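Written below as C-alpha cells is the structure these notes are about.
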Amino acid sequence: MSSRDPTKLSPNTPYKLSTTATSSGGGHRSSLSANPTTPQSRFSTSGFSSPGGSSLHQVDEPLIFELGTRFFRAGFSNESAPRCKIGITPEMYGRVGLKGRGGTRMNRRTGEAAGPRIRNTGIEEWELWTNDLRLKDLGVVEDLMERVLREAYNKYLLIESKSKRLLIILPPVFPLAIQNTLSHLLFLHFQPPTITYLSSPVLSCLAAGLRSALIVDIGWQETTITPVYELRPLTSYIKFSSRGSKSLVEVFGQLLWNTIKHPGDDESWWRIFNWSEVEDLLSRFGWCKSSADAREAARQRARVAFGLPVEPAEVEEFNEDGEKIRKTSADIRAQKRREVIGDAKLEVEFKTLLIEEKNTKMQLPFEAMSVAAEYAFFLPSWTKVQSFKGEEGGGYIPVPAVEELMEGCQGRAEYEDESEYTLPYLVFLALLHCPVDVRATCIPRIVITGGAANMPGLKSRILGDLKELVEERGGWELVKTRNKKGDDRQRELVEKKPKKVEVEMLQSEKDDLRIKHAKIGGVAPGTIRGVETMGPWIGGSILSGARIKGTVEVEREKFMSTHRA
C-alpha cells in the first residue's frame, strides 16, 4: 500500500485539505469533502492533444480524401483546408533513394547521360491514374496509392487509421477498376469501418453556397461540365472534353520547342524539356486574353489570311450623325492595359540536356504567354500549333492560309466530337440540352473550378464568349429554321406593324422584374453570371459537419466478403 494514495489512507492518518486550489485551467476550487478530488485537466481541447484527453478529432468525424489524377489531398472534417497535398513524382516509382526508373536518357549529339529515361509522352510518371487503363498497370497504381496513403497517415494526419471512417471525393467519371483497387487497398491495409464516395461537382456546388449550378471542372485530363440541380448531378446531361490542363501544358511545350528547334528536326518536345519546368513556367506567367482583345486579334488574323491590310489598333468610331464616339473610362483602361502588356518582355531559361546546349535562354513578350490558352481552349481543334515566332501582322498565333480555313471549316459540324468544340461552345451546348427549369436555374450560377481555372482571365473569357455566343445565336431554341428568306420577310412585316405601346409595356415589365430581383438580392432571369467556389474538398468538409449518411457507403465486412464496391 502506498502512503501517497489518499483514497487508501487510514481514518487516523492526518491529512490536510487546502480550501482553495487554483489551477491554470481557470480557477478550479476543490471541494471540502472527506476524499480529495482530482483537479481538472490543464490542457485545452485541440486536435493535437494526447490520446487520453478529449479531442476535436476523436468524435465520430470522418477523414476527407480527395483523389485526383496528379494530386492527393487529405485532412480532417470541419477544417478550412486539407492537412496535406501530395503530388505524384517520378521518384515514387522506384525504390527509396533511387532517382527515376528505366535507365537513363542519352544526349543525341554528345552521347552523355541526360537523366532518367521517359517513356510514351513523358507525363505518365507524373500521373496516378488515367481514364484509359489499357496501358496502365493496376498493380503499380495500387503501390503508388499505398505509398501516398502511408505518407499521409504517418507524416501529416498522425492518427490511427482503424478508428476513422473515410469520405473520399472522386471526379464525376471515375474508372470502376481504380475505385475497386482503392477500396481493396484501404480495407486491407488501413481497415477503416466505412468508406463514403462523393461526387466532386456536388461538393463544388455546396462550397459555393448553392444548391443548383452548372459546374465547369477544368481538370488535368479532361473538362467535365455537370449540371447540378438541388444537390443532385444530372448525369444524362454531362458534357466531356479532352481539353484540360494536360493539353494546355502540351501546347505550351510544343510552342517552345517549335521556336528553338532546327528545320527538319522531328524530335518530340517532351524529350527535350522537362514537364515540371514547362508546367511551372505556365503556372507562374500564363494568362488569358479578354473577349474583346481576342475578338480583335481574330479579326486581324482573318484580314491577313484574305490578303487585306491590317487596321491600326485605334480606330475612330462615328455614330449615325457623324459625331465621334467618345471612349469610356473602361475603354481607356483596356487600351492602357494592352499597351503595357505589349511592351513587357520575359526571360525564359530551360534545361535542354538532349541537345547541344545545356541551358537554352529565350526572350519572349508577355503577350506570348496567353497563346497557349488560345490554342488549348478557344481555337478550333484543327488549328495547327506552330511557334512563338509571330509573322508580321499575325501576332503570336499563326495565320492560316485561306485554303486551310475553308478546308477546316467545311463539313466538320456533322462529324465533330465534343472534344473538338471550343470550351465556351461546349458550355453553351450543356445549357442548351438541359430542361428549361434546370437551364433557368443554372444560367446565373456557372461555377468554373479545377486546376487551370486559376489562370488569370480564363473565367471571365469563358463567360464573355458565352454571352456573345448566346447573343449571336438569338436565344436558347433547340431547333432553328433554315428558311432564311422567310425569316427576313417575317421580321420585315413585324417591324412595319406599329406596336410601340406593347413594346414599351413589355420593356417596363422587364424593368420591374429586374428591379424586383435587385431588391431581394437576386439576379434577373437569363443573366449569365459566374460564381466563385472554395473547391470540392471544402464542400466535403462542410458536408461532413452536417452528419448526413452518404447514399454510396461501403462497409468493410461487406466489401471483404464480396470484393466489390
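The values are calculated or read from the model by the stated rules, or taken from the named source; none is laboratory data. Not measured: the values here are computed from a predicted model. A quick note on method: Cβ atoms are made from the backbone with ideal geometry, for glycine too, and the neighbour counts reach across all protein chains shown.
Details
- Residue in the stretch 101-115 that is closer than 25 Å to W220 by Cα, at pLDDT below 75, surrounded by 14 or more Cβ atoms within 10 Å (Cβ to Cβ) and of a type outside the set (S, T, Y) present: yes
- Residue-level check: of (1) at pLDDT 65 or above; (2) farther than 22 Å from D137 by Cβ; (3) not small (G, A, S), F72 misses just (2).
- No other residue among T441, T449 is of a type outside the set (A, V, I, L, M), at pLDDT 90 or above and closer than 27 Å to W287 by Cα apart from T449.
- Residue check, A518 more than 23 Å from I178 (Cβ to Cβ) and modelled with pLDDT of 70 or more: no
- Unmet criterion (only one of (1) at pLDDT below 90; (2) aliphatic (A, V, I, L, M); (3) over 24 Å from S200 (Cβ atoms)) for L128: (3)
- The number of residues in the stretch 188-225 being surrounded by fewer than 22 Cβ atoms within 10 Å (Cβ to Cβ) and part of a helix (DSSP H, G or I) comes to 3.
- Close pairs (7 angstrom Cβ cut-off, 6 or more residues apart or separate chains): in contact (Cβ under 8 Å) with a residue 24 or more places away in the chain in the stretch 152-164, among the small types (G, A, S) anywhere: A152/A74; Y153/S161; Y156/A74; L157/A74
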